[in-house]
Amino acid sequence: MLVLGLETSCDETGVALFDTERGLIGQALHSQVDLHAVYGGVVPEIASRDHIRALLPLIQGVLDEAGIERPDAIAYTAGPGLVGALMVGGGLACGLGLAWNRPVIPIHHMEGHLLAPMLEDDAPAFPFLALLVSGGHTLLVWVQTLGDYRVLGSTLDDAVGEAFDKTAKLLGLPYPGGPALAALATQGNDEACKLPRPMLHRDGFDFSFSGLKTAVMLQVREAESQRNLDAVRADIAASFQRAAVDTLVGRTLKAAKYERAERIVVAGGVGANTLLREELAAQFEGRVFYPRLEYCTDNGAMIAVAGALRLADARKPATIQAMARWSLDSLTPPQSE
Ligand code: KG4
Ligand code: ZN
C-alpha cells in the first residue's frame, strides 16, 4: 500500500510517499523559515498562504519522481497546530481523496513525531517512553503501543523549543533560534551564569521554562547595562542550553525509572540538540532512539509512516479535520469501521 503524507501544521510544508513494502520512497520539504524570520516568529496567515503555494507542486514532484499516479491513501496532519495552516493540508488531502477515490487518514502531529523513529531500520519496539520536544510542545509520554498513549508530563508554560527561540532572540540571534543558540553555545562556558533548573526537585513530571527565560533576560539586561553583552553572549547561550538540557534529562530519567522503561524515544525539533543527545545517552542505562536529524524537525515522512501504521483508520474524505488543540491522551489504537 502506498500512503501519501502531508504536513502543514506550522511553518514547513512536508510531503512524502511511504510504501508499506519498501518503506519511504519519496519526499520533499519546503521551509518557510526565511518568510517568517523578518517577523521574529511564525505569522499564521503567511504560513497558510505559503502552504497553498507550495503544496501542490511538491505533491506533483514527489509522485512524478516515484513514478506513481495515485497513492492508495492520503494521510494529513489534522492537529494540533495553526488552524489555517492545517486546513490547507486537510483541504487538499480531502480534495485529492475525492478526485482519486481514495481514503484519507487524519494524523496527530505529535504522534507523527513520536513515530518518526519507525522510519529507521533499527526502529524501537513498544513500549517506550517518549520525550517530545518541539517549538510548541514539551511532553513526556508513555507509549504502551500504537495509539495507546499516557501523557506523564507537559510544560506548564513555554515549550522548550520556544524557550530556545526566545533566549536566542534576546541574544540577537536569527529565528529560529534553537540551532543558532546551540551553535553559539559551543563557544561558551556553561558554568559562567548561574541559572535555575526549574521543577527538577518537584514531584511529578511536568516542566516549566518561564523562570529560566526570565533569569536569562535578567542576565542579558545586566550585561547590556555593563555594555559587555558581546563578551558574554556565548557564555549565556551555553549556560541556558545546559540548564534546559539538565531539566529535560532530569525529568526524563525520573519518568523512565518510574515506568521501568527500557527504551526512550526523543523526537521533535529540539531532539536535534547535540548536548541533549549526548547527556541522555550517557545517563540512561537502556537504549535511546532518535529519528535522523531531518526527521526530528517537521516533515512529511513522519506523517506518511504514521498513516501507513494507521491504515485501519482510513475513511472516505467526508469532513476536513483541523484542530488547534488535540490531546495525545485521547488517541486510540487504529480502528476499522
Ligand atoms: O518540531 P519542530 O520542527 O516544529 C514544531 O512542531 O514546533 O521544532 C522546532 C523547534 C524550534 O523551536 C527550534 O528552535 C528547535 O526546534 N530546534 C532546536 C534545535 N534544532 C531545532 N533547539 C535546540 N537545539 C537544536 N539543535
Ligand atoms: Zn513538530
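The values are calculated or read from the model by the stated rules, or taken from the named source; none is laboratory data. These numbers were taken from a predicted model, which means no experiment stands behind them. Here the Cβ positions follow ideal geometry from the backbone for every residue, glycine too, while neighbour counts run over all protein chains shown. SASA here: full protein model, heavy atoms, side chains in, ligands and nucleic acids out. Shrake-Rupley method; radii C 1.70, N 1.55, O 1.52, S 1.80 Å.
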- Toward the positive end of the charge dipole of segment 126-290, about the Cα centre and with charges on Cβ (Lys, Arg +1; Asp, Glu -1), which of 163, 211, 258 goes farthest? 258
- Task: Go ahead and estimate [θ] at 222 nm for the chain from helices alone: -39,500 (n - 2.57) per DSSP H run with n ≥ 4, summed, over the residue count, rounded to 500.
- Result: -13500 deg cm²/dmol
- FRET efficiency for residue 294 and residue 45, Cβ-Cβ distance as r, R0 = 30 Å, nearest 0.05? 0.65
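Roughly what percent of Cα-Cα pairs across segment 126-290 reach past 27 Å?
Of the Cα pairs, 23 percent sit more than 27 Å apart.
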- Message: I'd like the carbon and sulfur percentage of the solvent accessible area for segment 263-332, probe radius 1.4 Å, heavy atoms only, ligands and nucleic acids excluded.
- Response: 51
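Go through 25, 320 and list them by solvent-accessible area, largest first, probe radius 1.4 Å.
Working: 25 45, 320 95 Å².
So, going from the largest accessible area down, we get 320, 25.
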- Item | Solvent accessible area, Å² - residue 92, 1.4 Å probe, full protein context | 40
- Message: Which one, 186, 129, 119, is farthest towards the positive end of the dipole of the chain when Lys and Arg carry +1 and Asp and Glu -1 on their Cβ?
- Response: 129
- Message: Taking the full set of protein chains and a 1.4 angstrom probe, give the accessible area of residue 1 in square angstrom, rounded to the nearest 10.
- Response: 110
- Segment residue 258-residue 192, extension gain: residue separation times 0.36 nm, minus the distance between their alpha carbons: 20.4 nm
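How high is the FRET efficiency from residue 156 to residue 98, r the C-beta distance, R0 45 Å, rounded to 0.05?
After rounding to 0.05, the efficiency reads 0.60.
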- Write out the GluC sites (Glu not before Pro) in segment 1-66 meeting two conditions: DSSP loop, and at most 16 other Cβ atoms within 10 Å of their Cβ. 21
- Multiply the residue separation of residue 65 and residue 34 by 0.36 nm, subtract the distance between their alpha-carbon atoms, and state the gained length in nm to one decimal. 8.5 nm
- Query: What does the accessible area per residue of the chain come to in Å², with a 1.4 Å probe and no ligands, DNA or RNA counted?
  - Reply: 44
- Item | Å³ per residue enclosed by the Cα convex hull of segment 23-66 | 77
- Message: Can you give the log10 of the normalised intensity I(q)/I(0) at q = 0.14 Å⁻¹, computed with Debye over equal Cα scatterers of the chain?
- Response: -1.08
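Using the Kyte-Doolittle scale, which helices in the chain average at least -1.0 and also have C-alpha atoms spread 24 Å or more along the helix axis, with helices defined as whole DSSP H runs?
Span-like helices in the chain: 44-66, 83-100, 229-259.
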- Could you tell me the number of lysine pairs in the chain with C-alpha atoms less than 19 Å from each other, where the two lysines are 8 or more residues apart or belong to different chains? 4
